[in-house]
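The values are calculated or read from the model by the stated rules, or taken from the named source; none is laboratory data. What you see is a predicted model, and the numbers here were worked out from it, not measured in a lab. Quick reminder, even Gly has a Cβ in these numbers, built from the backbone with ideal geometry, and neighbours come from all protein chains shown. Ligands, DNA and RNA are excluded from the accessible area calculation, which covers all protein heavy atoms including side chains. Shrake-Rupley method; radii C 1.70, N 1.55, O 1.52, S 1.80 Å.
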Amino acid sequence: MKRNILITGGAGFIGSHVVRLFVNKYPEYRIVNLDKLTYAGNLENLKDLEQKENYCFERADICDFERVLAIFEKYEIDGVIHLAAESHVDRSIKDPFTFARTNVMGTLSLLQAAKHYWNGNWEGKRFYHISTDEVYGALELSHPEGVEPPFSTTASSSEHHLAYGDKFFYEDTPYNPHSPYSAAKASSDHFVRAFHDTYGLPTIVTNCSNNYGPYQFPEKLIPLFINNIRHRKPLPVYGKGENVRDWLYVEDHARAIDLIFHKGRVADTYNIGGFNEWKNIDLIRVIIRTVDRLLGNPEGASLDLITYVTDRAGHDMRYAIDSSKLQKELGWEPSLQFEEGIEKTVKWYLENQEWMDRITSGEYEKYYDDMYKNR
Ligand code: NAD
Ligand code: TYD
């Protein structure tokens, strides 16, 4: 079946994996990547798709309603996968306005454009909003008496669920965001659901845990630390490094998005996660060990780079998401063990040092002008 799908934020980390998956897997679809190319957008992430006939790029701001509507009309869009957002918690603490503008008003502008263009003809249409587990708030660290964390839990169907507590985020967990980033994402999730409930727009929302893998902007923990180890720069660990995150390989998230876009129930919500909790400091030690080994450094050579710094304001202690609903209803599960995923990720960053260097030097921002402007 022919489809015209708008993917927003496709030049970012997760978006680039989703665009690549859809362009390659569905040659009969036309995939339109709409991205403003903020500092986090990098068209070099999608170099391999530039010649594909079913791929188009539009540089636009999701907040620009008229422009977004014109793009719906130009490409006769029948499906939306919305990833464009400001995504870094530390930046949201310094500049909450930009987060409210893009994540809330930008999402509203897309919703309005979809509602206006589809005009009540919802048959075959889909508005799929990508969100985060951070909207659910923070969990405590806790463990059964006499058991050292992380411990295995039966909370999910996964055999590999390592946990730092007995509470989890479920699809019906009440929202309780703490950072300006998660508050803005929570607000956008509410708007998406309100557009279904009020106008009947066929929406889906998914909330996913921390992603890792190739093409992640080096302000986030894993790529930042890999790059700093390579340059023997300090590794700033917030607080005591005790905070816990659940990590999912980005291609597994992209596969879940594909499945849910095609098979998910309209008006429903699915949690997506790796059943893979790590205390930051333990994760950091794994990264150090892997980078040192792959660089041929003696074991533990980079441990001295660990530098404890002032904690992030309002730093959420633990995120732990239960994705059994997605596993049971749609048959998705993470394909990679964490050890494999980390090995692949570190290798990718070490083999693609030019990609990283062009970001840290700022060269990547010229790519659009060099390659696209006069097309
Ligand atoms: P990212 O920061 O790497 O990419 C965001 C993209 O959005 C960039 O290409 C940027 O140019 C674009 N963008 C920003 N503002 C825009 C605007 N006003 N108009 C058009 N484009 C704009 O983010 P990511 O990590 O790939 O996250 C993608 C989505 O997934 C976000 O909605 C985020 O909340 C969600 N999410 C991320 C994670 C994670 O671990 N990274 C986990 C769960 C959910
Ligand atoms: P991050 O990658 O920013 O993702 P998020 O805040 O959305 O979970 O951070 C992951 C964890 O690592 C988080 O607990 C904050 C911590 N962190 C550090 O300790 N040092 C750093 O330099 C960064 C960027 C993050």
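Length gained on full extension, residue 369 to residue 73: 104.0 nm, using 0.36 nm per residue less the C-alpha separation. Solvent-free Debye calculation, one equal scatterer per alpha-carbon of segment 196-347: log10 I(q)/I(0) at 0.14, 0.21 Å⁻¹ equals -0.75, -1.30. Among the GluC sites (Glu not before Pro) in segment 74-139, those located in a DSSP loop and surrounded by at most 15 other Cβ atoms within 10 Å of their own Cβ are 76, 123. For segment 289-375, the Kirkwood hydrodynamic radius from C-alpha pairs, put into Stokes-Einstein at 20 °C and a viscosity of 1.002 mPa s, yields a diffusion coefficient of 120 µm² per second.
Among the trypsin sites (Lys or Arg not before Pro) within segment 236-271, those in coil by DSSP and having at most 15 neighbouring Cβ atoms inside 10 Å are 240, 265.
I want to verify a result. In a Gaussian network model of the chain, Cα cutoff 10 Å, which of these has the top mean-square fluctuation: 301, 184, 40? Answer for the Gaussian network model of the chain: 301. For residue 98 and residue 299, the FRET efficiency from 1/(1 + (r/R0)^6), where r spans their Cβ atoms and R0 equals 30 Å, is about 0.10. For the chain, the dipole from Cβ point charges (+1 on Lys and Arg, -1 on Asp and Glu) about the Cα centre works out to 720 debye, to the nearest 20. In degrees between 0 and 90, to the nearest 10, how far off the longest principal axis of the chain does helix 65-75 point, with axes built from Cα atoms? Orientation of helix 65-75: about 70 degrees from the principal axis.
Phi-derived couplings, Karplus 6.51 cos²θ - 1.76 cosθ + 1.60 at θ = phi - 60°, listed residue by residue for segment 82-88: 9, 10, 4, 5, 7, 10, 9 Hz, with x used for Gly and Pro.
By the Kirkwood approach, averaging reciprocal distances over each pair of separate Cα atoms, segment 303-345 gets a hydrodynamic radius of 14.4 Å.
In the chain, Cα pairs under 8 Å separated by at least six residues give a relative contact order of 18 percent. Restricting the trypsin sites (Lys or Arg not before Pro) of segment 57-115 to loop positions (DSSP other than H, G, I, E, B) with no more than 10 neighbouring Cβ atoms within 10 Å leaves nothing. Could you work out how far the C-alpha centroid of segment 76-146 sits from that of segment 328-375, in angstrom? Centre-to-centre distance over Cα atoms comes out at 22 Å. Of all DSSP beta bridges confined to the chain, the antiparallel ones make up roughly 15%. Helix content alone sets the calculated 222 nm mean residue ellipticity of the chain: runs of n ≥ 4 DSSP H residues at -39500 (n - 2.57) each, divided across all residues, give -11000 deg cm²/dmol. Note on residue 348 and residue 176: their simple-model spin labels are 3.4 nm apart, each label 7 Å out from Cα toward Cβ. Of all the options 98, 290, 173, the one that moves most in a Gaussian network model of the chain with Cα springs shorter than 10 angstrom is 173. Here the relative contact order of segment 165-307, from alpha carbon pairs under 8 Å that lie six or more residues apart, stands at 29 percent. Lysine pair count for segment 206-339 with Cα-Cα distance under 26 Å and sequence separation of 8 or more or different chains is 8.
Annotation: per residue accessible area for segment 245-346 equals 40 Å², rounded to a whole number [probe 1.4 Å, protein chains only].
What FRET efficiency, computed as 1/(1 + (r/R0)^6) with R0 = 30 Å and r the Cβ-Cβ distance, is obtained for residue 24 and residue 194, rounded to the nearest 0.05? Result of the calculation: an efficiency of 0.30. Rounded to the nearest 10 degrees, the inclination of helix 221-230 to the longest alpha-carbon principal axis of the chain is 60 degrees.
Over the chain, all Cα pairs binned in 10 Å intervals from 0 give whole-percent P(r) values of 5, 23, 34, 26, 10, 2, 0, listed from short to long. Helix 107-118 and the long axis of the chain differ in direction by around 30°, with both axes built from C-alpha atoms.
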